[in-house]
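Each value in this text was obtained by applying a stated rule to the coordinates, not by laboratory testing. From a predicted model like this one, the values you see are computed outputs, not experimental measurements. Methodologically, a virtual Cβ is constructed for each residue, glycine included, from the backbone with ideal geometry; neighbour enumeration extends over all protein chains shown.
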Amino acid sequence: MDKLLIEGGRPLSGEVAISGAKNAALPLLCAALLTREPLRLSNVPDLNDIGTMLKLLAQMGVKIEKVGAGGTANTVILDASGLDNPVAPYELVKTMRASVLVLGPLAARAGEARVSLPGGCAIGARPVDQHIKGLTAMGAEVSVEHGYVHARATRLKGARLFTDMVTVTGTENLMMAACLADGETVIENAAREPEVVDLANCLVAMGAQISGAGSDVIRIRGVERLHGATHRIMPDRIETGTYLCAAAAAGGQIRLTQTSASYLDAVIDKLMDAGCEVTLERDAIMLKAPARPTAVSIRTSPYPAFPTDMQAQFMALNATASGTAVIRETIFENRFMHAVELIRLGADIKIDGNTAFVTGVSKLDGATVMATDLRASASLVIAGLVAQGETLIERIYHLDRGYEKLEQKLMALGARVRRVK
Ligand code: UD1
């Protein structure tokens with residue numbers, strides 16, 4: 001298993017381009033299931049999660065063509081005209097929870113879907129009851145047997161849907177299903193995440209009638225069929241935030257291109273509170289770190305509040321900041337696993353339920369640590385960049401799920417990073 005060796009204690013400087021958003025790309029790939037015509041997506045990041053989703057779609061009968069120079073194809077053309085196997089098997093779903101995003105499109109277009117339950121994952125139980133509740137309200141017959149969700153419907157019917165909590169993939173699944181339903185669907189308490197808006201924009205380009213995406217009430221008037229379209233995937237706001245956080249913690253000055261600050265208000269606000277100078281351009285963000293960051297408290301909540309996917313990185317930033325930060329995680333019940341690893345590097349962190357108290361120390365020391373999930377791994381990379389000496393991060397397959405060309409990008413910023421096979 002690959003490991004990442006980081007020689008820390010060096011400030012970052014330079015420029016890197018941000019990739020397309022993983023969490024936008026995953027539902028967008030599934031949107032191809034909704035039509036017999038080709039869907040052309042550009043700015044698709046080259047990540048393991050994307051590879052898993054493409055594998056899943058291919059075994060359903062979707063033809064996939066990658067277009068682009070060399071091995072860095074970032075345009076994908078998906079043709080679901082031959083869709084013949086509406087099944088998402090456990091072997092693929094267990095490695096990536098977002099596989100559940102095929103459920104809505106399959107039920108809507110194929111009239112049938114068999115999707116393995118994702119089961120638990122490292123950051124919490126993460127059930128899919130809201131996805132099921134929504135499809136049932138739209139007239140699907142849904143049963144859960146032998147670990148699989150089985151949904152059947154001749155044609156889904158528009159309905160008024162209300163989710164018990166804000167769920168991102170739940171909103172996306174139901175929005176996609178509603179595009180081909182008979183009549184109007186209203187999703188209340190919808191997720192407002194920018195990735196939901198990116199998906200809605202693509203669906204509209206495919207002929208869907210959607211209004212309100214980006215607010216907490218989304219209206220979808222179902223149509224008979226959708227057609228092909230071309231869509232460019234939005235920049236990855238979490239990758240952007242991760243590099244900003246890395247520079248804020250390690251020191252220095254970086255410029256991130258092909259990205260946008262417009263989805264990152266809550267994160268940039270906190271970076272400025274930490275003492276960073278942030279300059280915004282149209283498609284780029286520049287950050288200059290303070291000599292030592294000031295501790296910043298955060299509370300995670302659905303968009304537009306502070307994202308849970310940036311919580312771990314801010315814990316790493318706070319580890320060497322001046323002062324004490326209070327970090328409250330309200331989305332996932334078990335998302336502090338990086339704390340024990342950060343403590344191994346010398347951080348002073350106390351956990352009480354869903355709250356972490358982080359008192360900044362003057363320095364971290366390199367050690368061997370273990371990555372436990374995607375964003376936890378990112379926090380260990382940041383801590384490794386800050387720590388004196390060498391940090392060896394084990395199980396970095398988590399990072400390969402969600403950060404494109406991580407080592408190359410960090411090296412472009414002057415970091416000393418090496419993948420150890
Ligand atoms: C998405 C993101 C993930 C991010 C998360 C929260 C993708 C591919 N992943 O995950 O990176 O961390 O949003 O911003 O976009 N819940 C239920 N029942 C359901 C659905 C959700 O109880 O049917 C709960 C979850 O356990 C969690 C909360 O609702 O506590 C929010 O989860 P949700 O927004 O659904 O997360 P994902 O869409 O899986």
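For a paramagnetic label modelled at 7 Å from the Cα of Lys63 toward its Cβ, which residues of region 188-225 fall within the zone defined by backbone nitrogen distances under 15 Å?
Of the residues in region 188-225, none has backbone N under 15 Å from the label point off Lys63.
Find how much the distance from Asn85 to Glu188 grows on full extension, using 0.36 nm per residue of separation minus their present alpha carbon separation; answer in nm with one decimal.
33.9 nm
Identify, among Gln408, Ala108, Gly158, the residue whose Cα sits farthest towards the positive end of the charge dipole of the chain, taking +1 on the Cβ of Lys and Arg and -1 on the Cβ of Asp and Glu, with the dipole about the Cα centre.
Sorting the options by dipole projection puts first Gln408.
Report, in degrees rounded to the nearest 10, the 0 to 90 angle that the Cα long axis of helix 22-31 makes with the longest principal axis of the chain.
10 degrees
Quick check: residue separation of Met165 and Arg292 times 0.36 nm, minus the Cα distance between them. What number comes out in nm?
Contour length minus the Cα-Cα distance gives 41.9 nm.
Output ³J(HN,Hα) for region 322-335: one whole-Hz value per residue in order, computed from phi by the Karplus curve 6.51 cos²θ - 1.76 cosθ + 1.60 with θ = phi - 60°, and x for Gly and Pro.
Along region 322-335, the couplings run 8, x, 10, 10, 10, 10, 10, 9, 10, 9, 10, 7, 9, 10 Hz.
Grab the beta carbon distance between Thr368 and Arg221, set R0 = 41 Å, and tell me the FRET efficiency rounded to 0.05.
Computed FRET efficiency for Thr368 and Arg221 comes out at 0.15.
Taking the simple approach of a point 7 Å from Cα along Cα-to-Cβ for both Ser143 and Arg282, what is their distance in nm?
5.7 nm
With a/c under 1.5 counting as rounded, go ahead and sort region 137-204 into rounded, prolate or oblate using the C-alpha gyration tensor (a ≥ b ≥ c being the square roots of the eigenvalues; past the cut-off, prolate if a/b is larger than b/c, else oblate).
Since a/c reaches 1.5 and a/b is larger than b/c, the shape of region 137-204 is classed as prolate.
Please compute the contact order of region 265-398 in relative form: average sequence separation of alpha-carbon pairs under 8 Å and at least six residues apart, divided by the residue count, as a percent. Intermediate results must be reported in sequence, preceding the final value.
On the way: 272 pairs, mean separation 27.4, N = 134.
Relative contact order, region 265-398: 20 percent.
Can you quote the Å³ per residue value for the convex hull of the Cα atoms in region 167-293, rounded to an integer?
99 Å³
Leaving out same-chain residues fewer than 8 places away, which lysines sit with a Cα under 24 Å from that of Lys22?
Hits, sequence-local ones excluded: Lys3, Lys55, Lys63, Lys66, Lys94, Lys270, Lys405, Lys409.
³J(HN,Hα) across region 401-412 via Karplus (A = 6.51, B = -1.76, C = 1.60, θ = phi - 60°), whole Hz, x for Gly/Pro?
For region 401-412, the Karplus curve yields 5, x, 10, 6, 6, 4, 4, 4, 5, 5, 5, 5 Hz.
Find the centroid of the Cα atoms in region 347-371 and in region 173-252, then give the distance between the two in whole Å.
Each part's Cα centre sits 35 Å from the other's.
Using 7 Å Cα-to-Cβ label points, what is the Thr257/Ile343 separation (nm, one decimal)?
Here the modelled spin labels are 4.4 nm apart.
Report, for the chain, the % of DSSP beta bridges that are antiparallel, rounded to 5.
70 percent
Taking Lys363 as the anchor, which aspartates and glutamates have their alpha carbon closer than 12 Å to its alpha carbon, excluding any fewer than eight residues away along the same chain?
Asp348
Checking the a/c ratio against 1.5 first, then a/b against b/c, what shape does the Cα gyration tensor give for the chain? Let's see the in-between values first.
Working: a/c = 1.89, a/b = 1.76, b/c = 1.08.
Note, shape of the chain comes out prolate.
With both bridge residues required to lie in region 130-223, what share of the DSSP beta bridges run antiparallel, to the nearest 5%?
Approximately 70 percent, going by the DSSP bridge assignments.
Helix-only mean residue ellipticity at 222 nm, the chain, DSSP H runs n ≥ 4 weighted -39,500 (n - 2.57), per residue, nearest 500. What is it?
-9000 deg cm²/dmol, from helical runs alone.
If I model a spin label at Lys94 and Thr75 as a point 7 Å from the Cα along the Cα→Cβ vector, what separation in nanometres do I get?
3.8 nm
Listed highest first by mean packing, meaning other Cβ atoms within 10 Å per residue, what order do 167-177, 209-219 come in?
For the peptides 167-177, 209-219, the packing ranking is 167-177, 209-219.
May I ask you to derive the FRET efficiency for Thr330 and Arg36 from their Cβ-Cβ distance with R0 = 41 Å, giving the value to the nearest 0.05?
Efficiency, rounded to the nearest 0.05: 0.45.
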